[in-house]
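Q: Below: one structure in structure tokens.
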Amino acid sequence: MKKLHLLRTHLINAVPGLARDPDRLLTFVEDGSIEFRRGENLSHEYQFAAQLVLTDFADDLDTVMLPLLQWLAEYQPDADPTEAVTFEAEILSNQSVDVALRVQLTERVIAKVDCDNGSIQVEHALPRFERDTCPTTHWQIYTREPGEQDWMLTSEWDSPNG
């Protein structure tokens, strides 16, 4: 499940609170399945819900959601937009929450069997779907609270493969 590792790394690099303390991002796989076709080769696809839990999170939730949506646009653009991401939150205090994100992911594995020499070549297909419409590779999030005039820099990061 290399895709989940890529997503985790991207979020740690993009979210200031996680960059300071990466152990506050817990990752799990739930409801996983494998789709395969009968035949000579053993190619298959992992289909799973990735559970990303941010503990004691005190930043603006947009600092997580925007990098997550950006990553999904590149690595999982075929995701159903109404089901790709769901979340739950537990308010811990006026300053922090625990947030559980559930992200639907798939990962294709190409496994070619060579019966002549008894070997299997395995490759995880992790295609990227670059968006040519916006070539910027470094991003910043500016936010402001209702009624405030000034924008505040709350997060910055490089694109998933920037």
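Q: Which numbered condition trips up Phe87, out of (1) farther than 20 Å from Leu11 by Cα; (2) free of Cβ contacts under 8 Å to residues at least 24 places away in the same chain; (3) not aliphatic (A, V, I, L, M)?
A: (1)
Q: Criterion first (surrounded by 10 or more Cβ atoms within 10 Å (Cβ to Cβ), farther than 21 Å from Leu18 by Cα and at pLDDT 90 or above) does Ala125 satisfy it?
A: no
Q: Identify all residues within the range 141-152 that are surrounded by 10 or more Cβ atoms within 10 Å (Cβ to Cβ) and either modelled with pLDDT of 85 or more or closer than 11 Å to Thr63 by Cα (or both); write none if there are none.
A: Listed by number, the residues that qualify are Ile141, Tyr142, Thr143, Trp151, Met152.
Q: Go through the range 50-61 and give me each residue that's in contact with a strand residue (DSSP E or B) (Cβ under 6 Å, 6 or more places away or on another chain) and either of a type in the set (Ser, Thr, Tyr) or modelled with pLDDT under 95 (or both).
A: Passing the criteria: Thr55, Phe57, Asp60.
Residue-wise test of (1) surrounded by 11 or more Cβ atoms within 10 Å (Cβ to Cβ); (2) outside any strand (DSSP E or B); (3) not polar (S, T, N, Q).
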| residue | (1), (2), (3) |
| --- | --- |
| Tyr46 | yes, no, yes |
| Glu74 | yes, yes, yes |
| Asp98 | yes, no, yes |
| Leu105 | yes, no, yes |
| Val113 | yes, no, yes |
| Asn117 | no, yes, no |
| Gln121 | no, no, no |
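Q: Moving to a separate point now. For Asp98, indicate whether it is within 23 Å of Pro22 (Cβ to Cβ) and acidic (Asp, Glu).
A: Judged against the criteria, Asp98 is a match.
Q: I'd like to verify a number: residues in the range 48-72 that are in a strand (DSSP E or B) and hydroxyl-bearing (Ser, Thr, Tyr), how many?
A: Here the count works out to 1.
Q: Inspect the range 105-115 for any residue being closer than 25 Å to Arg144 by Cβ and under 11 Å from the mean Cα position of the chain (by Cα) and give the result as yes or no.
A: no
Q: Can you pull out every residue in the range 50-97 that is within 12 Å of the chain's Cα centre (by Cα) and of a type in the set (Asp, Glu)?
A: Of everything in the range 50-97, just one residue is within 12 Å of the chain's Cα centre (by Cα) and of a type in the set (Asp, Glu), namely Glu74.
Q: Kindly indicate whether Glu30 is assigned to a strand (DSSP E or B), closer than 20 Å to Ala79 by Cα and in contact with an Asp or Glu (Cβ under 7 Å, 6 or more places away or on another chain).
A: No: the conditions fail for Glu30.
Q: Related question: Say we look at the range 82-92 and pick out the residues that are touching a helix residue (DSSP H, G or I) at 6+ places or on another chain (Cβ under 9 Å) and not small (Gly, Ala, Ser); which of these is surrounded by the most Cβ atoms within 10 Å (Cβ to Cβ)?
A: Initially, the range 82-92 is screened for residues touching a helix residue (DSSP H, G or I) at 6+ places or on another chain (Cβ under 9 Å), giving 84-85, 87.
If we keep only those that are not small (Gly, Ala, Ser) as well, we get 85, 87.
Numbers: Val85: 17, Phe87: 15.
Per the criteria, the residue is Val85.
Q: Could you please find all residues in the range 1-27 being within 29 Å of Cys115 (Cβ to Cβ) and not in a helix (DSSP H, G or I)?
A: Met1
The values are calculated or read from the model by the stated rules, or taken from the named source; none is laboratory data. Here the structure is a predicted model, which means the values were calculated and not measured. Neighbour counts run over all protein chains shown; Cβ positions are idealised from the backbone, glycine included.
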